[in-house]
1. To the nearest 20 Debye, how big is the dipole of the stretch 180-234 about its Cα centre, given +1 on the beta carbon of each Lys and Arg and -1 on that of each Asp and Glu?
2. Starting from the Kirkwood Rh over alpha-carbon pairs, what translational D in µm² s⁻¹ does the stretch 1-121 have by Stokes-Einstein at 10 °C and 1.306 mPa s?
3. Taking amide H atoms as placed 1.01 Å from N in the peptide plane, list the residues 5 or more away in sequence, or in a different chain, whose amide H sits under 5 Å from that of Gln180.
4. Using a Debye calculation, one point per C-alpha and no hydration shell, please list log10 I(q)/I(0) for the stretch 8-253 at q = 0.11, 0.15, 0.17 Å⁻¹ in order.
5. Do any trypsin sites (Lys or Arg not before Pro) in the stretch 33-138 lie in a DSSP loop with no more than 16 other beta carbon atoms within 10 Å, and if so, which?
6. On the accessible surface of the stretch 154-198, probed at 1.4 Å, how many percent belong to carbon and sulfur atoms?
7. Helix 17-26: angle to the longest alpha-carbon principal axis of the chain, degrees 0 to 90, nearest 10?
8. Might you work out the accessible area of Val89 for me, using a 1.4 Å probe with all protein chains in place, and round it to the nearest 10 Å²?
Amino acid sequence: MKAQLPNRILITGASNGLGAALARHYAAPGRTLILWGRDHQRLHAVATGCREAGAQVAVRSLDLSDSTAAIAAIEQEDEAGAIELALLVAGMGDTQAPGDLVEDAAQVARLGLVNFVAAAAMAAALANRMARRGDGRIVLVGSAAGFHALPFAAAYAGSKAGIAQFAQALRLGVKRHGVQVTLVSPGFIDTPAGRKAPGPRPFSLQPSDAAARIARAVARGQAHAIFPWPFILLRWLDRLLPRMLRDRLMLALTPPGD
Ligand SMILES: NC(=O)c1ccc[n+]([C@@H]2O[C@H](COP(=O)([O-])OP(=O)(O)OC[C@H]3O[C@@H](n4cnc5c(N)ncnc54)[C@H](OP(=O)(O)O)[C@@H]3O)[C@@H](O)[C@H]2O)c1
């Protein structure tokens, strides 16, 4: 794998929150950014900022709940010019409405398609192409929520646990072919979706801070970046506690009204 900074970078979920912060982080003269989102207006606003920072920018509006279209689009982008770094950031947050016992089934299906199916399928399509040329980096965005059985966000926690396992397995499969796969598992980030999370949001990071931490993890070739550090401790706590205590802890975290 080439050690130099990547020049052709694809970012999904670039129209808002963490993806937009990553676009701003990587925007620089000599770079080409391919920014994906759904909301035209916000996507174009992010693109304009990145162009002002000297980057060349292309945008694409696409609903990632259509995974067939997502695979075709990522292959098309890579065909037009080898993607050196793909940051697969797009995702949906919790789906349970206050007062609901469980999440709405249709919403659970949609969240699974966006957070797991499309992200995993795009990563697979790209990893295959990168492995053939012996070079490339892929970042999959999980969440600290993926380490815990959150009763009020079962679909979200489940999708993030799934993408985490997928990322670790994909990394092992393509490592010897020059492809780097990094899983990032952030705690709370102060984005529009992050602000909707029920209950308190301790150790919340600004999107620019989270973007800088992800870029450092990519540059170091890290397999898994969990941040900020209290979420590393929480993950170990969850693993070490007996099930009865863990269940009690998860129920105690459930916001009142759920
Ligand atoms: N915020 C947190 O506290 C936090 C913590 C851990 C992990 N994460 C993860 O970080 C990632 C970014 O989250 P965020 O907080 O930045 O969320 P956000 O502000 O809501 O942004 C989400 C991005 O994903 C895109 N997106 C959502 N559904 C899509 C769909 N069906 N098709 C195409 N694009 C879609 C959105 O596009 P449009 O806006 O154009 O629709 C937007 O660009 C997610 O994977 C999330 O799970 C967030």
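The values are calculated or read from the model by the stated rules, or taken from the named source; none is laboratory data. Owing to the predicted nature of the structure, the values given are computational and were not obtained by experimental measurement. Counting neighbours? That spans all protein chains shown, and the Cβs are built from the backbone with ideal geometry, glycine included. Just so you know, the surface numbers come from the protein's heavy atoms only, side chains and all, with ligands and any DNA or RNA stripped out. Shrake-Rupley method; radii C 1.70, N 1.55, O 1.52, S 1.80 Å.
1. Details: 6 positive and 2 negative charges, 6 e Å.
Charge dipole of the stretch 180-234: 20 debye, to the nearest 20.
2. Values: Rh = 15.1 Å.
Roughly 105 µm²/s, to the nearest whole number.
3. Amide H neighbours of Gln180: Gly136, Arg137, Ile138.
4. The computed values of log10 I(q)/I(0) come out as -0.55, -1.04, -1.34.
5. Values: sites: Arg38, Arg42, Arg51, Arg60, Arg110, Arg129, Arg132, Arg133, Arg137; in loops: Arg38.
In loop regions of the stretch 33-138 (DSSP not H, G, I, E or B), the sparsely surrounded trypsin sites (Lys or Arg not before Pro) are Arg38.
6. Values: 1170 of 1930 Å².
Reported share for carbon and sulfur atoms: 60 percent.
7. Here the helix axis deviates by roughly 30 degrees.
8. Ignoring ligands and nucleic acids, Val89 comes out at about 20 Å².
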